[in-house]
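Have a look at the structure below before the remarks.
The values are calculated or read from the model by the stated rules, or taken from the named source; none is laboratory data. The shown structure was predicted, so the numbers you read here are calculated from the model rather than taken from an experiment. Note that we place each Cβ from the backbone using ideal geometry, even for glycine, and neighbour counts take in every protein chain shown.
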Amino acid sequence: SSPDSDGGTPELEKAGLLNKTKIAEGGRKLRKNWSPSWVVLVGNSLVFFKDPKSQTPSSWKPGNSRPESSVDLRGAQLHWANNLSSKKNVFKLRTVTGNEFLLQSETDSLIIEWYKTIQSVIDRLDRE
Ligand code: I3P
């Protein structure tokens with residue numbers, strides 16, 4: 001059985017610091033505004049926190065800090081998107097509601113791990 005089969009605290013899959021910009025809201029294009037974000041992958045959601053310095057994986061608990069925003073990964077699409085930025089190691093996440101985010105790291109191994117982990121959650125939700 002999955003760790004969340006009792007309906008309790010969802011499983012923390014991954015957390016870390018990435019550069020983030022939202023590039024579309026409901027299909028409408030937005031101006032880029034890159035900033036560092038503490039990103040937490042928990043359950044079916046990618047959750048963004050504003051203040052990276054106050055967040056660590058060990059201190060993260062549901063309810064003890066205020067997310068800036070949160071993305072439902074069900075039906076989401078993930079693509080490498082180095083064509084959409086002058087930065088390296090960029091991928092795009094598109095939600096079913098037409099919100100689009102670019103996420104980026106200078107560290108190759110780190111961004112690859114994030115990509116794989118997010119894709120595995122999307123794949124799991126696709127199979128449900
Ligand atoms: C944008 C800013 C972004 C850049 C974007 C620029 O300018 O430099 O960092 O995206 O490029 O338009 P401004 O601050 O004036 O809004 P990248 O860093 O991802 O390249 P773009 O317009 O080619 O997306």
Just to be sure I understand, how many residues within region 90-110 are among the aliphatic types (A, V, I, L, M), in contact (Cβ under 8 Å) with a residue 60 or more places away in the chain and away from the ligand (no atom under 14 Å from the Cβ)? 1
Does THR117 qualify as being more than 16 Å from the ligand (Cβ to nearest atom), at pLDDT 95 or above and among the hydroxyl-bearing types (Ser, Thr, Tyr)? yes
Test each condition in (1) farther than 17 Å from LEU41 by Cβ; (2) exposed (fewer than 13 other Cβ atoms within 10 Å of the Cβ); (3) of a type in the set (S, T, N, Q) for SER109 and report the one that comes out false. (1)
Region 26-40 residues that are over 12 Å from LEU102 (Cβ atoms) and more than 10 Å from the ligand (Cβ to nearest atom), paired with ones that are among the polar types (S, T, N, Q) and outside any loop (DSSP other than H, G, I, E, B) (beta carbon under 6 Å, 6 or more apart): PRO36/ASN19
